[in-house]
Amino acid sequence: MTTCGPVTIECVTGNIAQQPDVEAIVNAANAELRMGGGVAGAIHRAAGPGLEEECRPLAPIRPGEAVITGGHRLPNRYVIHCLGPVYGRDRPEAELLASCYRRALELAESKHIRSIAFPAISCGVFGYPMEEGARVALHTVWEMAPTLRHVRLIRFVLFHPEDQQRFQRILEEISESSRRT
Ligand code: AR6
């Protein structure tokens, strides 16, 4: 756990669809906002068919974009759906990935959300290397944290313990270098 101004940033191992104590979870969606595999599969399975129904008129979305829906049968009030870039196809990939995190936080702010959990967007089926994807994710939220008026907890939920350790290490690096400057 690390703090950036009034915001706590933490990295945990777990399942994004099992985070009952946060108001919003973020989906690593597909353009059609349909079930799919990985994060999207876990979220849609837990939310039930009402989520796909609510998503239908909001689709398709483009890489870097985000939309917000209710949580349906999930324990969370909201789901924020982000379309990450496919690595090597959607360019500039770092900008598009950063845009996902930024837009998700902007939507969270617009709904006065206090706590939000992110997966490692694009770092699965979409092929973004975990180290690079983690750096983009953490730098983006670190830069935005001081500007946030409502969000007070940002949690990264990583499926594999080695990914959690990687996120944690990079977060500590960013925190230390900001303390030095
Ligand atoms: N909780 C947390 N992290 C998870 C979970 C989970 N339940 N399941 C997988 N991960 P991915 P993408 C990790 O593929 O790369 C889907 O089919 C996983 O290990 O879910 O943005 C959609 O329909 C990886 O590190 O998202 C899209 O078509 C990270 O979450 C496409 O995949 C992201 O993996 C989106 O691909």
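Over all other residues within a Cβ to Cβ distance under 14 Å of Tyr101, the charged ones net out to -3, with Lys and Arg as +1 and Asp and Glu as -1. Listed values for region 22-30 are Karplus-derived 3J(HN,Hα) couplings in whole Hz (6.51 cos²θ - 1.76 cosθ + 1.60, θ = phi - 60°), namely 10, 6, 9, 10, 9, 9, 7, 7, 9, and x replaces Gly and Pro. Of Cys11, Cys55, Cys4, Cys100, the sequence from fewest to most neighbouring Cβ atoms within 10 angstrom is Cys4, Cys55, Cys11, Cys100. Working from label points 7 Å from Cα in the Cα-to-Cβ sense, the Arg180 to Leu58 distance is 4.1 nm. In the chain, helical runs assigned H by DSSP with n ≥ 4 each contribute -39500 (n - 2.57); averaged across all residues and rounded to the nearest 500, the mean residue ellipticity at 222 nm is -12500 deg cm²/dmol. Each of Leu153, Pro60, Ala94 was scored by the projection of its Cα onto the charge dipole of the chain, and the greatest displacement toward the positive side belongs to Leu153; charges sit on the C-beta of Lys, Arg, Asp and Glu. Note on region 124-181: with charges restricted to the Cβ of Lys and Arg (+1) and Asp and Glu (-1), its dipole about the Cα centre is near 320 debye. Amide H contacts for Leu158 (H built 1.01 Å from N in the peptide plane; partners 5 or more residues away or on another chain; cut-off under 5 Å): Val12, Thr13, Gly14.
Compactness check for the chain: Cα Rg over 2.2 N^0.38 Å is 0.94. Measuring how big region 105-181 is from its alpha-carbon positions, Rg and Dmax come out at 13.0, 37 Å. Compared with the alpha-carbon gap, the fully stretched path from Glu173 to Val125 is longer by 14.6 nm at 0.36 nm per residue. Its Cα centre serving as origin, the chain has a Cβ charge dipole (Lys and Arg +1, Asp and Glu -1) of approximately 300 debye.
Against the main long axis of the alpha-carbon atoms of the chain, helix 130-144 sits at an angle near 80°.
Largest first and in whole Å, the equivalent-ellipsoid semi-axes of region 22-129 read 20, 15, 12, each the square root of five times a Cα gyration tensor eigenvalue. Fewest-first ordering of Glu176, Glu106, Glu23 by other beta carbons within 10 Å of each residue's beta carbon gives Glu176, Glu106, Glu23.
Expressed in Å, the radius of gyration and Dmax of the Cα atoms of region 13-54 are 10.0, 30.
Values in this text are rule-based calculations from the coordinates and carry no lab data. As the structure is a computational prediction, the values presented were derived from the model and not from experiment. Here Cβ is always computed from backbone atoms with ideal geometry, including for glycine, and neighbour counts include all displayed protein chains.
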